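A short worksheet on the structure shown next.
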Amino acid sequence: MLMDKEKFIAGLNGLDSNNKDVICLYNEISALAMRCGTAEAEKPAARNAYYLSMEFLIGRSFYNNLLELGVLEETAEILAKKGIDISVFEEIEDAALGNGGLGRLAACFLDSAAGLGLPLHGYGIRYRYGLFKQAFKNGFQTELPDDWQRFGDPWSVRREDEKRTVSFADMSVTAVPYDMPVFGKRTNRLRLWQAEGSDEAEKISEYLYPADDTEDGKILRLRQEYFFSAASVGELLDKHVKAHGRNFEAFARYNAIQLNDTHPVLAIAELVRLLTADYKVDFAAALEIAKKTFSYTNHTVLPEALECWNGDIIKKILPDIYALLVKIHLKQKEELLAIGCAEKEIAEMAVCAYNCFSMANLALYVCKTVNGVARLHTEILKDSLFKTAYCYFPEKFTNKTNGITQRRWLMLCNKELSALIDKAIGTGWRSDISELGKLCGKTAGLADGFAEVKAEKKRQLFDYIKARDGVEIPRNFLVYAQVKRLHEYKRQLMTAFAILEIYNGLKDGSIKDFAPSVFIFGAKSASGYRRAKAVIKFINEIAVKINADAQTNGLLRVVFVCNYNVSYAEKIVAGSDVSLQVSTAGLEASGTGNMKLMMNGAVTCGTMDGANIEIVERAGAENNYIFGATVEDIERLKKEGYKPLEYLERPAHARAVNALVDGSFSDGGTGGFKELYDSLTVGAGWHAADNYFVLYDLESYVDALLKINADYKDRRVFAIKQLENVANSAYFSSDRTIKEYAEDIWEI
Ligand code: 26V
């Protein structure tokens, strides 16, 4: 028993709800669940895995925790008797301690591990303010602080007794742990550190991603990374000594540490520092222990995201770590020479080059395993980004295709589809997701039921959009959705051009028999990312114009929902028909939104990139819409010399792209639209024209969108395609991913 259910139900029945507002009820019910849910002590596991991550994008905990505890339905019933609709708690906002895919993946992993009964615990930072709240002012994104704790934080427990000190050259900081239980078959723990002690100290856990375009910003970022890495590793080592004495050889036998991207990589240096300085372990032996303990996951191939720290900055705030990094660097050089690496190869793999410390190279050198997050991505790591390291250490490399938790992304966000699945194949899939495959072969018979479910989820989504964003969408419109962070490589701008081409085609009559459709966007842009912000403004301008056009608005609408977050995503993935995954081939490491949409029965309209490839492989090319340049095409284009202007010769493209600069839309005098236009046509100091190949792929993109639109006319056939995606989505459950990590890497 995970929870004392009787106690919870009795407590809930006895709850006096009179004159209490939603926030008060939320806190009381959550606290009751915490008291009943954690009554059973965590079974200690001999060997544990730890997930070190700068981000945990948890979303709203209330419904998810009650679901995991097995009391969600009863809670809804009891509250209904008291005259309270359980959906009122939707006004409690998300804990958004992450930016996007990487942070949400961390949350899905914790959910899956607990669900499978595997001892995986999270370590991260308890930011005072999470990812900013997005507002639109005249179509421009503005950012507001996300004061997520204003609703209280009933799911966390502050552990005063387990606080620690993290030292920097110029200050000591107290790291106070806040524990969040992760419910499932076993209760695991997410431990988030809060920095305290002085105003300066508190700054460390104040903001997720403080701007790092200044030296002060960079130092703060480095402090954040070291702060949570050192607190976590220090605690693990203390616990080890308590349990096993100074038998450090055994450390890696009891602890597996997964580094979520390069952000926590300093944990490696910290472990070596503690072992050598506090316990007088010999340096080489300490490094060997680290080599057996750590594993590293890479989440992007974009060079601007691969962290390198300037040696002077490290030396200034972490002198001991600096000294150790130099030692590690020299040891690495010695080892590489010994196995016969050439100078050039050593330089490519070096922990330090020109006084810059590469966190990726440090991870590659020390970690037991290195993994990419989709098959193609891992291949790219091996062939390009980490080619030299792969050449010498091929045994380190492994692929772990991402996944998503079906509990939040199907059972919780789509009760209607879940019920349909129950009826068709029984409820076994709820505890063993591989049973979802039993839907294969039954999709034709379920098509009508599925179409009804989709219509209902769309109705709910459109109501929500109307209430939140004030945009009306007529019933039964075909829904194309592109929801993800805003980045040039994800090519929301290409979708904007495609919409303009369709709009122009509807107006001049060249596009006929168009099934009424809406394009839904959801995305936040980094606050200093000018081009991404210009894209948001551009799409908002397009939406205003198209939605107001009485000639076409019965056929085409556009909405950019404001403040897209986990809770909004839950509505959109359930209500969409088409999942737009149109990144430049080779650049999206995996994508996970693609999996959420697939599991809810959206067909993928996408490029051969990231996990799209595996999605299509499983759900069938005939049930999805793949278009555009492949990785090989892009390589060839780069070699041959890509000339984007040639593609602008097509009048439809020219008209759409010129809309940026011909006065059709206003960027409020910011120059943002001209900058986008120039980035496509002439390039900039740091890149060639159209370096994300928007113009190259635009034609085949529009064709794919129109093909989908035509196919949608046969609702039954289209519903079968959608169901084939649901039926083949089990592989993309994070339960599968976590099992692979547990077996191949963590050995838990
Ligand atoms: C970080 C940065 C920071 C500097 C500015 C440019 C830039 C661009 C991208 C990133 C991405 C950071 C890592 C990340 O979030 N990767 C995402 O990880 C997901 C989970 O593995 C994966 O599904 C997404 O494809 C990948 O983009």
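Values for this structure:
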read-out	value
Inter-residue pairs, beta-carbon under 6 Å, first touching a residue at least 60 places away in the same chain (Cβ under 8 Å) and basic (Lys, Arg) and in segment 547-572, second part of a strand (DSSP E or B) and open to solvent by less than 40 Å² (accessible area, probe 1.4 Å), 6+ apart	557/518
Which numbered condition residue 357 misses (of (1) assigned to a helix (DSSP H, G or I); (2) more than 16 Å from the ligand (Cβ to nearest atom))	(1)
Unique residue being touching a residue at least 40 places away in the same chain (Cβ under 8 Å), in contact with a strand residue (DSSP E or B) (Cβ under 7 Å, 6 or more places away or on another chain) and not acidic (Asp, Glu) when the list is 739, 713, 707	707
Segment 387-424, residues that are part of a loop (DSSP other than H, G, I, E, B) and either within 16 Å of the ligand (Cβ to nearest atom) or within 26 Å of residue 112 (Cα to Cα) (or both)	400, 401, 402, 403, 405, 413, 414
Sole exception among (1) in a loop (DSSP other than H, G, I, E, B); (2) closer than 26 Å to residue 673 by Cβ; (3) charged (D, E, K, R) for residue 513, by number	(2)
Only listed residue being crowded, with 23+ Cβ neighbours inside 10 Å, closer than 30 Å to residue 301 by Cβ and touching an Asp or Glu at 6+ places or on another chain (Cβ under 7 Å), chosen from 585, 589, 569	585
Candidates 267, 256 - the one that is touching a Lys or Arg at 6+ places or on another chain (Cβ under 9 Å) and either touching a residue at least 24 places away in the same chain (Cβ under 8 Å) or hydrophobic (A, V, I, L, M, F, W, C) (or both)	256
Single unsatisfied condition, residue 87 versus (1) under 23 Å from residue 737 (Cβ atoms); (2) out of contact with any Ser or Thr (no Cβ under 7 Å at 6 or more places or on another chain)	(1)
Hits in segment 632-669 (condition: closer than 18 Å to residue 704 by Cβ and open to solvent by 20 Å² or more (accessible area, probe 1.4 Å))	633, 647, 650, 652
Filter result for the condition that a residue is assigned to a strand (DSSP E or B), crowded, with 17+ Cβ neighbours inside 10 Å and among the acidic types (Asp, Glu), over 179, 153	179
Filter result for the condition that a residue is out of contact with any strand residue (DSSP E or B) (no Cβ under 7 Å at 6 or more places or on another chain) and outside any helix (DSSP H, G or I), over 657, 661	661
Some residue of segment 364-381 being open to solvent by 20 Å² or more (accessible area, probe 1.4 Å), within 29 Å of residue 212 (Cβ to Cβ) and within 16 Å of the ligand (Cβ to nearest atom)	yes
Candidate set from segment 458-489 (those that are open to solvent by less than 20 Å² (accessible area, probe 1.4 Å) and assigned to a loop (DSSP other than H, G, I, E, B)); member that is nearest to the ligand (Cβ to nearest atom)	486
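The rows are residues; the columns are (1) of a type in the set (Gly, Ala, Ser); (2) open to solvent by 20 Å² or more (accessible area, probe 1.4 Å).
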{"site": "87", "(1), (2)": "yes, yes"}
{"site": "90", "(1), (2)": "no, yes"}
{"site": "97", "(1), (2)": "no, no"}
{"site": "106", "(1), (2)": "yes, no"}
{"site": "112", "(1), (2)": "yes, no"}
{"site": "119", "(1), (2)": "no, no"}
{"site": "126", "(1), (2)": "no, no"}
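Matching residues to (1) open to solvent by 20 Å² or more (accessible area, probe 1.4 Å); (2) within 16 Å of the ligand (Cβ to nearest atom); (3) modelled with pLDDT of 95 or more; (4) under 28 Å from residue 399 (Cα atoms):
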site: 284; (1), (2), (3), (4): yes, no, yes, no
site: 289; (1), (2), (3), (4): no, no, yes, yes
site: 294; (1), (2), (3), (4): no, no, yes, yes
site: 313; (1), (2), (3), (4): no, no, yes, no
site: 330; (1), (2), (3), (4): yes, no, yes, no
site: 334; (1), (2), (3), (4): yes, no, yes, no
site: 338; (1), (2), (3), (4): yes, no, yes, no
site: 344; (1), (2), (3), (4): yes, no, yes, yes
site: 362; (1), (2), (3), (4): no, no, yes, yes
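The values are calculated or read from the model by the stated rules, or taken from the named source; none is laboratory data. These numbers come from a predicted model, not from an experiment. Backbone-built Cβ (ideal geometry, glycine too); neighbour counts: all protein chains shown. Only protein heavy atoms, including side chains, enter the accessible area calculation; ligands, DNA and RNA are left aside. Shrake-Rupley method; radii C 1.70, N 1.55, O 1.52, S 1.80 Å.
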